[in-house]
Amino acid sequence: MNTGTEDEFRRLMIRALEGGLEREEMSRLVSLCGQHPELARKFGGQVETDRFLEIALTNLGPGSGFSGSVMQRIEDEGDGKEFFVASVLGRVEGGDSIGRKSRRKPVWLTTAVGLAAAVVVWLGISFHGGRVAAELHRGDSAKWTTPPAGETLRAGTRLRLDSGLAEIHFTNGAEVILEGPADFEVRGKDEGYLHQGRISVRMPGNTGRFTLDSPGGRVVDFGKAFGLHVAPDGETVAEVFEGTVRVRPRHGGKDVVLATNEKFISSGKVWWKSEGIDANAFVTNLPPQAPGTPGFAHWALDEGAGTSTSVRGKLPAADLRPAELRNFGGMPGALPQWIDGPYGGALSFDGRGNALETHFPGVVGDAARTVAFWLRLPEDFDSEQGYGIVSWGDLAEKGNAWQISVNPYLHEGPVGRLRVGIYPSLVTGSTDLRDGRWHHCAVVLYKDERNGNRIPALLYVDGKMEATAAKGVVSRLDTSAEESSRPVWIARSLRHEEPKRSRGTGFFRGDLDEIYIFDGALNRSQIENLMRFNTLFPKSY
C-alpha cells in the first residue's frame, strides 16, 4: 500500500466520522476497505476508540430497532451477513445526512456506525478483533518471514510463512495446515483469509464449521476436509477431500456446493466447477516429531585415502562395518576419488561405475526416516547420470524399495532437481542443482495417518523446504532387512543391471559428503543444524 492510498483513506475516514461523506466518497471508502482489510480494521477500531458506537446506540434508544439489528448481526455467526450489509448500506445511503454535514448528532453517528459495521462485517472482520482465536499448534518445520509473537493467535494476526509447514488449531476445533510460501490471516475463532499460498483444513468430529476467505471467493466447510490454493496472481482453487463445502465466488454469482472429489477454480472474473481433485497437492498431516536423539548412521567420508570408509552411529539392526568403494563398470581400479568437501573429506563419483556399497539395511518397514547429505553436481551434468544417490530395499514388490536421485526426465518434473521415488510414484523438488556448487539436501518420509494411501515426502535444499507440486508418493512403503533386499547403496541405482532399466548408466555423477540416515522425521531446525554445524546438537558458537 502506498502513501497516497493511506492519505486518501485517512481523509475519507475523517469525513465519515464527521458525517460529511458524499455518496461517491462513501463508495470509494468501502472500495479501499475491501482492497485493504487492514484499513477496514483501522476504521472499525477508530469508531470503537472514539466510542461513537456506544454514543449512537444510546442516542438512538431502545426502541429504534436499527441499533439492535446492527449489534445482533455483528455478533451473529450464521448465514446472511451479505444481506445485512446490503441493508445497512441501504440505510446509510438513504440517510438525509449524506451529501452535506449535519448538526444532528444521532443521524451522522448512525451513518458512521452503519458504514463501519457494513465494511467490517462485509470483510468478515469482527469489532472484537483482539480476542484469542487460535493457537500455533506446531511450527517446528516452519521458516517465517515474520515470526509470530507467540503460540496464542488473536483475531487479526497475520502469518507470513517463507517456507515449510505450520499447524494451527482454531478454538472452534478446526485444524489447519499452512504450507509456505504463504500469507494467512486469522480473522476469528472459526474463520481466516488466505491471501496467498496453500492450506488444508480439517474439521474433526462435529465441531461446527469453518469459513475461509480468499481472493477467489469464500469457502464454508460444514465438516470433514478440504484444501485451498491461492496463486500469486490470485487464481484460487478449492478442492474437497471429504464432506461438503459451499463456495461464494468473489466476483458474483450463486453459491457453489462442492462434494467429495469436486473442485472450484476462480481465475480473474471467471470461475468454474469440475470433478477430479489432486489430493496429493496438499499436506494433510505433519510428520511425527522425532525423539530428542534419533538413531542414525553417518558416513563422514573423511579418510582421504583407501578403499573403504567407516560409519558411526546407532540404529536397530545396524551393520556398522565400513562401506566399500567399488567400480561396477568393468574397471575395478577406477574407484571413487577422494576430494575435499564442506566438512573434511568427500567422494567424487564418475557416473560410469563408481559406487559406495554399505552393509547397512537402512530404516525398515514404514517407519519415518530422514536422509541428509551434501551434494555437488557439475554444470555439464548429464541427466543420464542422475540415478541412485541413496537407495535401499527390495524391487520384487512395489513399495518395498525407495531411491533418492537427481531428476533426469522433463515429463516427470524439472530436470536437475532433487527427487525421491517409491515406484511408480515420485516427488520432484524445485531448485536446480546443476551449478557446480555444494548444496545441503535432505529428504523426510513418514506415514500419513490421515491418508493410508500416501507417504508424504518433504524435500529440503540448503535448509529450506522445497515447494513441490506433489506432496508425497502415492504408494505403500515397506522396506525390509530380508536377505533379498539390497542394503544402502550410494551413487548406484537400485535398477543397475535390471533388464527393465531402459535409460541411464545406473550410476550417479557428482560429489557427496556427510551422508546421514536417521530413523525419524527431522524438523527444519534440526536439518538446518546439520547444514550449519554437521550435528543435530551444536555447541555454543
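The values are calculated or read from the model by the stated rules, or taken from the named source; none is laboratory data. Not measured: the values here are computed from a predicted model. Cβ: placed from backbone, ideal geometry, glycine included. Neighbour counts: every protein chain shown.
Is it the case, given these coordinates, that Gly164 is part of a loop (DSSP other than H, G, I, E, B) and touching a strand residue (DSSP E or B) at 6+ places or on another chain (Cβ under 8 Å)?
No; evaluated as a whole, the condition is false for this residue.
Hey, among Ala281, Ala318, which residue is modelled with pLDDT under 90, surrounded by 15 or more Cβ atoms within 10 Å (Cβ to Cβ) and either over 23 Å from Phe508 (Cβ atoms) or within 25 Å of the chain's Cα centre (by Cα) (or both)?
Within the list Ala281, Ala318, the selection yields Ala318.
Please verify whether segment 345-357 includes one or more residues that are in contact (Cβ under 8 Å) with a residue 40 or more places away in the chain, among the aromatic types (Phe, Trp, Tyr), farther than 27 Å from Arg524 by Cβ and in a strand (DSSP E or B).
yes
Taking the residues in segment 10-41 that are at pLDDT below 75 and under 28 Å from Gly192 (Cα atoms) as candidates, determine which candidate is surrounded by the fewest Cβ atoms within 10 Å (Cβ to Cβ).
The selected residue is Glu38.
Check whether at least one residue in segment 146-156 is among the small types (Gly, Ala, Ser), closer than 22 Å to Leu458 by Cα and not assigned by TED's automatic domain parsing to the domain that holds Ile527, and report yes or no.
no
The conditions are (1) of a type in the set (Gly, Ala, Ser); (2) surrounded by 20 or more Cβ atoms within 10 Å (Cβ to Cβ); (3) under 18 Å from Gly362 (Cα atoms), and Ser480 fails exactly one of them. Which is it?
For Ser480, the exception is condition (2).
Would you confirm, using the coordinates I've provided, whether Gly217 is surrounded by fewer than 17 Cβ atoms within 10 Å (Cβ to Cβ) and on the phi > 0 side of the Ramachandran plot?
Against the criterion (surrounded by fewer than 17 Cβ atoms within 10 Å (Cβ to Cβ) and on the phi > 0 side of the Ramachandran plot), Gly217 does not qualify.
Does Arg434 satisfy the condition of being under 17 Å from Gly472 (Cβ atoms) and not hydrophobic (A, V, I, L, M, F, W, C)?
no
For segment 368-390, name all the residues that are assigned to a loop (DSSP other than H, G, I, E, B) and modelled with pLDDT of 90 or more.
Answer for segment 368-390, where residues must be assigned to a loop (DSSP other than H, G, I, E, B) and modelled with pLDDT of 90 or more: Ala368, Leu377, Pro378, Glu379, Asp380, Ile389.
Consider Tyr409 carefully, then state whether it is crowded, with 19+ Cβ neighbours inside 10 Å, out of contact with any Pro (no Cβ under 7 Å at 6 or more places or on another chain) and hydroxyl-bearing (Ser, Thr, Tyr).
Against the criterion (crowded, with 19+ Cβ neighbours inside 10 Å, out of contact with any Pro (no Cβ under 7 Å at 6 or more places or on another chain) and hydroxyl-bearing (Ser, Thr, Tyr)), Tyr409 does not qualify.
Only residues that are surrounded by fewer than 23 Cβ atoms within 10 Å (Cβ to Cβ) and either in contact (Cβ under 8 Å) with a residue 60 or more places away in the chain or of a type in the set (S, T, N, Q) (or both): list them for segment 429-442, please.
Scanning segment 429-442 gives Ser430, Thr431, Gly436, Arg437, Trp438, His439, His440.
Please verify whether segment 186-209 includes one or more residues that are under 24 Å from Asp140 (Cβ atoms), assigned by TED's automatic domain parsing to the domain that holds Leu153, out of contact with any helix residue (DSSP H, G or I) (no Cβ under 6 Å at 6 or more places or on another chain) and polar (S, T, N, Q).
Checked segment 186-209: at least one residue is under 24 Å from Asp140 (Cβ atoms), assigned by TED's automatic domain parsing to the domain that holds Leu153, out of contact with any helix residue (DSSP H, G or I) (no Cβ under 6 Å at 6 or more places or on another chain) and polar (S, T, N, Q).
Could you tell me which numbered condition Asp366 fails, if it satisfies all but one of (1) more than 28 Å from Glu528 (Cα to Cα); (2) surrounded by fewer than 20 Cβ atoms within 10 Å (Cβ to Cβ)?
It fails just one condition, (1).
In the list Leu194, Leu159, Leu136, Leu178, which residue meets the criterion of being out of contact with any Cys (no Cβ under 7 Å at 6 or more places or on another chain), surrounded by fewer than 23 Cβ atoms within 10 Å (Cβ to Cβ) and assigned to a strand (DSSP E or B)?
Residue meeting the stated conditions: Leu136.
Of the residues that sit in segment 450-477 and are in contact with a helix residue (DSSP H, G or I) (Cβ under 8 Å, 6 or more places away or on another chain) and not in a strand (DSSP E or B), which one is surrounded by the fewest Cβ atoms within 10 Å (Cβ to Cβ)?
Among them, the one singled out is Ala469.
Just one of Gly365, Gly413 is in contact (Cβ under 8 Å) with a residue 60 or more places away in the chain and not charged (D, E, K, R); which is it?
Selected residue: Gly365, the only one of Gly365, Gly413 that is in contact (Cβ under 8 Å) with a residue 60 or more places away in the chain and not charged (D, E, K, R).
Does Gly173 qualify as being within 19 Å of Leu136 (Cα to Cα), at pLDDT below 95, surrounded by fewer than 20 Cβ atoms within 10 Å (Cβ to Cβ) and assigned by TED's automatic domain parsing to the domain that holds Leu153?
yes
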